2 protein chains.
Amino acid sequence: MFSDRFDQLVQALRILPSVGPKSAQRMALHLIMKNKEGAIGLAHALNEATSYIHECGICHSLTENEVCDICCSTERDDQLLCVVESPADVMAIEQSGSFKGKYHVLGGHLSPLDGIGPEEIGIPYLVQRLSDGKVTEVILATNPTVEGQATAHYLVEATKHLSLQMTRIAQGVPQGGELEYVDSHTLSQAVHNRMKMK
Amino acid sequence: MFSDRFDQLVQALRILPSVGPKSAQRMALHLIMKNKEGAIGLAHALNEATSYIHECGICHSLTENEVCDICCSTERDDQLLCVVESPADVMAIEQSGSFKGKYHVLGGHLSPLDGIGPEEIGIPYLVQRLSDGKVTEVILATNPTVEGQATAHYLVEATKHLSLQMTRIAQGVPQGGELEYVDSHTLSQAVHNRMKMK
């Protein structure tokens, strides 16, 4: 609209998730008119992050070093391994403060129709990682979706020969939710997986 | 979380309007994991835009040149001048395709409590711009807020000595809106400003 570079900035901002044409315009105007310094800082942070952040050599989460802080940590329980689909899930579980073991990031879930099989999400590498006998319990924290469930079941099968405890994060009604707004599949799972209180 | 540069990117993304900590995290992960090329492109577009885009010397909208395309255009009506608060408003009116004159961007509205008086939004410059007699009608398209209205009224006073037609964009019910959801102030304005049909 105002100039080619303005349009290019609007286009570039549209790669951000959930940013449509209107939001991108608003962001571009905000940056140019109210926060040029911030925009330059953002450009710098983007260049730095894309240059230095990559996958951890052990767990496939993100890090600037060869191995990430969690994998390096001596304070975390080496016997517990939490398997998740993406680094975003590592972040969510870390923020919940509920887990003090180590992680393994698959980088996706099984999806045969999209050509994503066990090799593509590194299951052979995970099985090999578990073979040294250090880990005693694997917590399967793939997403509670059809694909996430299938991936969890596949992992149980793939590690049958190892003497490991395999657990799955609990599925039921989310805290603070109201029953009447919970979908019926979740509700039937919650009834099925009911816990003894007395 | 994963590394300092990751946290810096999340922080940098938070300068974008309506981006909170969760969205910023999601954006950072998306850029690093799924679209590094796009992130580098965005950094480049930010650097280019902040270096080259600035205010137009005549209308104070945005441009890469000394004077913007609209001010330069010989196809637009020099006698009509639309006064708006910000370049975003120029964009909105241009996109509506309803105006073929020229613009004047104030860069804000009168707000005495915040120390923004006529000088701060360049009203003396606008009055001077109008003094050469080229413009015959000024369309006041400041926002329909208390401050925008006050600014429009101030402009009428400030240009009393010039033989100019001053008009204000119509206020009423927005198209496609349902009356029952329109606020009562807008509704009372719409009744007050009713138009003759027969």
Of A:Lys36/B:Lys22; A:Lys100/A:Lys196; A:Lys102/A:Lys134; A:Lys34/B:Lys160; A:Lys36/B:Lys100; A:Lys100/A:Lys134, which ones are farther than 21 Å apart at the Cα?
-> A:Lys36/B:Lys22; A:Lys100/A:Lys196; A:Lys34/B:Lys160; A:Lys36/B:Lys100
Where along chain B is the Cβ that lies nearest the axis linking it to chain A, and how many Å separate them?
-> B:Ala43, 2
When chain B is treated as a GNM, springs tying every alpha-carbon pair under 10 Å, which of B:Pro124, B:Pro112, B:Pro21 comes out with the largest mean-square fluctuation?
-> B:Pro21
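Tell me, rounded to the nearest percent, the portion of alpha carbon pairs in region B:50-198 spaced more than 21 Å apart.
50 percent
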Enter the angle in degrees (range 0 to 90, nearest 10) between the Cα long axis of helix B:146-158 and the first principal axis of the Cα atoms of chain B, meaning the one along which they spread out most.
-> 50 degrees
Give a residue-ordered list of calculated ³J(HN,Hα) values for region A:63-70 (Karplus: 6.51 cos²θ - 1.76 cosθ + 1.60, θ = phi - 60°; whole Hz; x for Gly, Pro).
-> 7, 9, 9, 5, 10, 6, 4, 5
In whole Hz, what ³J(HN,Hα) sequence does region B:92-108 give by Karplus (6.51, -1.76, 1.60; θ = phi - 60°), x for Gly and Pro?
-> 4, 5, 4, 5, 6, x, 9, 9, 10, x, 10, 10, 9, 9, 6, x, x
Sequence order, region A:50-55: Karplus ³J(HN,Hα) from phi using 6.51 cos²θ - 1.76 cosθ + 1.60, θ = phi - 60°, Hz rounded, Gly and Pro as x, gives 5, 7, 10, 8, 8, 6
How large is the helix-only mean residue ellipticity at 222 nm for chain A, computed as the sum of -39500 (n - 2.57) over DSSP H runs with n ≥ 4, divided by its residue count, in deg cm²/dmol to the nearest 500?
-> -13000 deg cm²/dmol
Whole-Å semi-axes of the protein assembly as shown's equivalent ellipsoid, largest first, each the root of 5 times a Cα gyration tensor eigenvalue?
-> 57, 26, 17
Amide H to amide H under 5 Å from B:Arg168: which residues, 5+ apart in sequence or cross-chain, H placed 1.01 Å off N in plane?
-> B:Leu140
Distances from A:Ser111 to the same position in the other copies: list them in nm, one decimal, shortest first, using label points 7 Å from Cα along Cα→Cβ.
-> 4.5
Would you tell me the mean number of C-beta atoms belonging to other protein chains that fall within 10 Å of each C-beta in A:11-24, as a whole number?
-> 5
Leaving ligands, DNA and RNA out of it, report the carbon-plus-sulfur percent of the accessible area of the protein assembly as shown at a 1.4 Å probe.
-> 53 percent
For region A:1-120, restrict the atom set to alpha-carbon positions and state the Rg and Dmax in Å.
-> 19.3, 59
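The values are calculated or read from the model by the stated rules, or taken from the named source; none is laboratory data. Keep in mind it's a predicted model, so treat the numbers as computed, not measured. Ideal geometry is used to build each Cβ from the backbone, glycine not excepted, and the neighbour counts take in all protein chains shown. Keep in mind that these areas ignore ligands, DNA and RNA; they rest on the heavy atoms of the full protein, side chains included. Shrake-Rupley method; radii C 1.70, N 1.55, O 1.52, S 1.80 Å.
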